[in-house]
Amino acid sequence: MAITGWFVLLVALGAVPVVALSTVAPAGLVLLGWLALVVVLAGLDLALAASPRALRLQRQTDARVRLTETARATLLISNPTRRTLRGRIRDAWEPSAGARPSRHTVVVPPGERRAVVTELTPWRRGERRALHVTVRARGPLRLAERQASIRLPGAITVLPEFAARKHLPSRLARLRELDGRTSIMVRGQGTEFDSLREYVRGDDVRSIDWRATARRSGGPGPDGRPGQTLMVRTWRPERDRHVVVVVDSGRTAAARIADETRIDTAFESTLLLAALADRAGDRVDVAVFDRRVRGRVQGARGAALLPKLVEMMAPIDPELIETDYTAVPGLVRSMTAQRSLVVLCVPLESPGATRSLLAMLPQLTTRHLVLVAAVTDPALLEAAAARDDRAAVYRAAAAERALLDAERVAAAVRRLGGDVVSAAPLDLPPAVADRYLAYKAAGRL
């Protein structure tokens, strides 16, 4: 049970009879009698209140919602008793579910049902749960309340936000220029024959197709010599290439940079790259790994790719363990047997922390095109530029040291045959997509 403010006020009003009857009866006796009356009234009020445990509760909750979007959680309250339920109900969701409002005032007559709606605006990925519902039924005198916590499990899956999807239209427009809309004259490892066209001034003479030119040879020209129309070959980026993304879910992925964890930034980059590569006709496989495979999407294409990716990513949080980079080459071999673009979403920090990563890289770069995507902390750049006082100078020196260490690691990755793209959390997904388009344009895939 619980007492209300009216109960406390009624006890305080006992001072009136104590003073009024002080000349007739002892004050202590009057006070005890008043308290006994108040307790009897509270007990009567408690007995007349509806029983919370007799209620029948049901949940109707959206199955999933994207991060920062709002979902509805409906609680149906049926009152099979003969008393009207007057009180408050708290739907006990986790704080990270962002439930608003947290408490509802309800009145449910006997034999009827009411619905209360809680809006959920989660601020964390994963499965957000509610374990029970707390019901507090008030008596008709408003002096006491009956309270019970009823177990009623509920859950909603919070998917990654994919805020980087705003960059997708512009990248798709650039992709259309590369893929069949605009032919290129440079033949690379990742290009295939597109078409023949007539030679124009400025074309590379190495692109002339002499057999096609001989077939298109015409009659004699104005000077009496045989006329000839030069034909050149054009190329386009090859389709059906393979892109493998490996996301580090070790302890360093839990670091928050610009109010976002590293793993969330990696997920945003992966989703944007996957959507772009799938539209380009390439195959995309994704694995989340630390010391074991935490999640994998392989073989999905078209409209099924992104839903499978967000479902796989939703429940994954970083593990507070060191990532075993020596197992990454074997993981990549299990996902592809051909030359592929391998994107490693890993942090590039001090040389000591990335020693195992650097030792593993040659096993990948000898066979694949390797791109390391790393997050840069904007706070380091701000601290390195500040020189206001002595403390700021020391912070700037530490920030410069951290930036130099990251640059040394990036240079080591490039020497080992890999490529590096690093940017702030909001800038990394489009930067990775731009680098992928640059590979396509250069025929490196």
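The values are calculated or read from the model by the stated rules, or taken from the named source; none is laboratory data. Keep in mind the model is a prediction, meaning the values are calculated, not measured. Cβ placement follows ideal geometry from the backbone for every residue including glycine, while neighbour counts extend to all protein chains displayed. The protein model used for the area step is the full one, side chains on, heavy atoms only, and it has no ligands, DNA or RNA in it. Shrake-Rupley method; radii C 1.70, N 1.55, O 1.52, S 1.80 Å.
Per atom type, the chain shows carbon and sulfur on 53% of its accessible surface, probed at 1.4 Å. By definition, a body whose alpha carbon gyration tensor gives a ≥ b ≥ c is oblate when a/c is 1.5 or more and a/b is not larger than b/c, and region 246-349 fits this oblate description. Size descriptors for the chain, from the alpha-carbon set: Rg then Dmax equal 34.6, 143 Å. Sorted largest first by accessible area at a 1.4 angstrom probe radius, with every protein chain in place, the residues Val393, Val346, Val117 fall in the order Val393, Val117, Val346.
Separation of region 67-111 and region 384-411, taken as the distance between their Cα centroids, equals 52 angstrom.
Per residue, the solvent-accessible area of the chain (1.4 Å probe, heavy atoms of protein chains only, all protein chains present) comes to 51 Å².
A simple rule links phi to the HN-Hα coupling: the Karplus curve 6.51 cos²θ - 1.76 cosθ + 1.60 with θ = phi - 60°, which for region 324-333 gives 8, 5, 5, 8, 5, x, x, 5, 5, 5 Hz, with x for Gly and Pro.
When only the Cβ of Lys, Arg, Asp and Glu is charged (+1, +1, -1, -1), the dipole of region 1-140 relative to its Cα centre reaches about 600 debye. I want the antiparallel fraction of DSSP beta bridges within the chain, as a percent rounded to 5. Of the beta bridges lying entirely in the chain, close to 70 percent run antiparallel.
The GluC sites (Glu not before Pro) found in region 292-329 that occupy coil by DSSP, while having at most 13 further C-beta atoms within 10 Å, are Glu322.
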